[in-house]
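First up is the structure itself, then whatever we jot down about it.
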Amino acid sequence: MYKISYEGNTMKKTFKAQNISCINCANLIKGSLEDDFGTIEVNLETTPKEVTLEILDDNQESYFKEEMADIGFEIIED
């Protein structure tokens, strides 16, 4: 499940993710993925935790979901 807002040619999306529990998890996500995806925000105040970033297209979104799963944080979808 995610929220979408459009800014320019990208879509700002917020994804709900499993297994994020603390700032160390947030730092792992940012350190692992920001080089490929740009700025990533992790909201530790929500349950489940939310990850927000700019997505260019469906291919990049699929790649992001795969990369999140590879580091242990699966995206929750309805």
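Figures for the structure shown
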{"quantity": "Residue within the stretch 50-63 that is without any contact (Cβ under 8 Å) to a residue 40 or more places away in the chain, of a type in the set (A, V, I, L, M) and either farther than 21 Å from THR10 by Cα or part of a helix (DSSP H, G or I) (or both) present", "calculated": "no"}
{"quantity": "Those residues of the stretch 8-30 which are assigned to a helix (DSSP H, G or I), surrounded by 11 or more Cβ atoms within 10 Å (Cβ to Cβ) and not charged (D, E, K, R), in sequence order", "calculated": "CYS25, ALA26, ASN27, LEU28, ILE29"}
{"quantity": "Hits in the stretch 34-49 - residues which are more than 15 Å from ASN19 (Cβ to Cβ) and touching a residue at least 24 places away in the same chain (Cβ under 8 Å)", "calculated": "ASP36, PHE37"}
{"quantity": "Selected residue [crowded, with 17+ Cβ neighbours inside 10 Å and either touching a strand residue (DSSP E or B) at 6+ places or on another chain (Cβ under 6 Å) or modelled with pLDDT of 95 or more (or both)] from LEU53, LEU44", "calculated": "LEU53"}
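The values are calculated or read from the model by the stated rules, or taken from the named source; none is laboratory data. All figures in this text were calculated on a predicted structure; none of them were measured in a lab. Note: ideal-geometry Cβ built from the backbone for every residue, glycine included; neighbour counts use all protein chains shown.
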